[in-house]
Amino acid sequence: MERQVMVVGAGLMGSGIAQVFALSGFKVLLTDRTEDDLNRGRNYITKSIQSMLKKEKYTVEDEKRIHENIDYSSDIQLGKNVDLVIEAVPEKLAIKQEVFKMLDTIVQPNAILASNTSSLSIAAIGSVTRRPEKVIGLHFFSPVPIMRLLEIVTSIETSEETLNRVQFYGKVINKESVIAQDYPGFIVNRILLPMMNEAAFLVMEGTAPEEVDRGLMLGANHPIGPLRLADQCGLDTTLYALESLYEGFSDSKYRPCPLLKRMVEAGHLGRKSGKGFYDY
């Protein structure tokens, strides 16, 4: 069974993806640009493991397996022989295309190149490679070690073999998969992002964030309100994804809320910056 995986980007999503693959027995190379980035990813994984141990979701053996199976490096060339690459860099098409163009020249020809994008075109990402049939979307949800869903996104170029291989990966790492078409937002964010955006409009118009979230939790039985969820995802990530929907469909219903833009410009990015719709 294919057991070598490289994750590009040691942020919250990338480190979480590395963690779930390592838990399932895969040898994982987690890469990023600097030692500081890698140390941040290592800290994310350590804190996540400790949280799972306290909740009795992990055993001490699980902790040992994860640490033993993850290597950290800023040298992406070390991943040339992996079977699967998962990119988890910022949600900007130009950045992702740059990464995929580089990966295409580094990793072995049969390797699958997957993007963890939440809204960008898989076809556009794969167009800069010589293997568009092996390019696919693997959209994990945050926090990756806890959330069961995996959106698998196929472009018009993605082969059936590639789809079958990543469905197998999804089963091995204990995720429930849904197959989405390559249109902006895919399935979940196509519905979820407009809800978070509309919640931001309500705040802009004067409704308190707590009231918006309580309304959705009590009236729609949501476990968490849309504004606290946006804070958790990162308001910058939420804004970039909304802009992608807006540009992709040229439909005003996806127009990002001006308040959301101002908050991102001010550095109020949610939980990761300490301030968003709520203070942390």
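I need to check one value: relative contact order of segment 84-127, counting alpha carbon pairs closer than 8 Å and at least 6 residues apart, in percent.
Details: 39 pairs, mean separation 24.0, N = 44.
Relative contact order here is 54 percent.
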Using Cα atoms only, what is the angle between the long axis of helix 60-69 and the major principal axis of the chain, expressed in degrees (0 to 90) to the nearest 10? 70
Counting only residues 5 or more places away or on other chains, whose amide H sits under 5 Å from the amide H of Val153 once H atoms are built in the peptide plane? Gly137, Leu138, His139, Ala180
Heavy atoms of Thr158: accessible area, 1.4 Å probe, square angstrom to 10: 20
In order over segment 12-19: 3J(HN,Hα) from phi, Karplus 6.51/-1.76/1.60, θ = phi - 60°, whole Hz, x for each Gly or Pro, gives 4, 6, x, 5, x, 5, 4, 4
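What part of the accessible area of segment 148-275, given as a whole %, is carbon or sulfur when the probe is 1.4 angstrom? Show your work: numbers first, answer last.
Numbers: 3460 of 6660 Å².
Here it works out to 52 percent.
Could you work out the helix-only [θ] at 222 nm for the chain, with each DSSP H run of four or more residues adding -39,500 (n - 2.57) and the total divided by the number of residues, to the nearest 500 deg cm²/dmol?
-15000 deg cm²/dmol, from helical runs alone.
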Can you pull the accessible area of Lys57 for me, 1.4 Å probe, Å² to the nearest 10? 140
Please list Val89, Val107 from largest to smallest accessible area, probe radius 1.4 Å, with all protein chains kept in place. Val89, Val107
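So between Leu163 and Arg33, what do we pick up on full extension, going 0.36 nm a residue minus the alpha carbon distance?
Working: separation 130, 0.36 × 130 = 46.80 nm, distance 2.94 nm.
Stretched out fully, the Leu163 to Arg33 stretch lengthens by 43.9 nm.
Based on DSSP, what percent of beta bridges with both residues in the chain are antiparallel, to the nearest 5? Write out the running numbers ahead of the final one.
Values: 6 of 32 bridges.
Bridges in the chain that DSSP calls antiparallel: roughly 20 percent.
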Starting from the 7 Å offset along Cα-to-Cβ, what nm value, one decimal, do you get for the label separation of Lys171 and Asp62? 2.2
Would you please give the FRET efficiency between Leu218 and Ala124, computed as 1/(1 + (r/R0)^6) with r the Cβ-Cβ distance and R0 = 41 Å, to the nearest 0.05? 0.50
Pairs Lys101/Lys272; Lys47/Lys253; Lys47/Lys175: which exceed 32 Å Cα-Cα? Lys47/Lys253
Determine the per residue accessible area of the chain with all protein chains present and a 1.4 angstrom probe, expressed in square angstrom. 48
Once ligands and nucleic acids are excluded and a 1.4 Å probe is used, how much of Glu211 is accessible, expressed in Å² to the nearest 10? 110
Can you compute the modelled spin-label distance between Asp251 and Leu149, with each label point 7 Å from Cα toward Cβ, in nm? 1.7
When only the heavy atoms of the protein chains count and the probe is 1.4 Å, how do Ser74, Ser48, Ser119 rank by accessible area, highest first? Ser74, Ser48, Ser119
Sequence-distant residues sharing a close amide H with Leu269 (under 5 Å, placed H): Lys275
Among His67, His139, His268, what's the order by accessible area (1.4 angstrom probe), most exposed first? His67, His268, His139
Tilt of helix 235-249 relative to the longest C-alpha principal axis of the chain, in degrees (0 to 90, nearest 10)? 90
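The values are calculated or read from the model by the stated rules, or taken from the named source; none is laboratory data. The model shown is predicted, which means the values in this text are computed figures rather than measured ones. We place every Cβ from the backbone using ideal geometry, glycine too, and count neighbours over all the protein chains shown. For accessibility, only protein heavy atoms count, side chains too; no ligands or nucleic acids. Shrake-Rupley method; radii C 1.70, N 1.55, O 1.52, S 1.80 Å.
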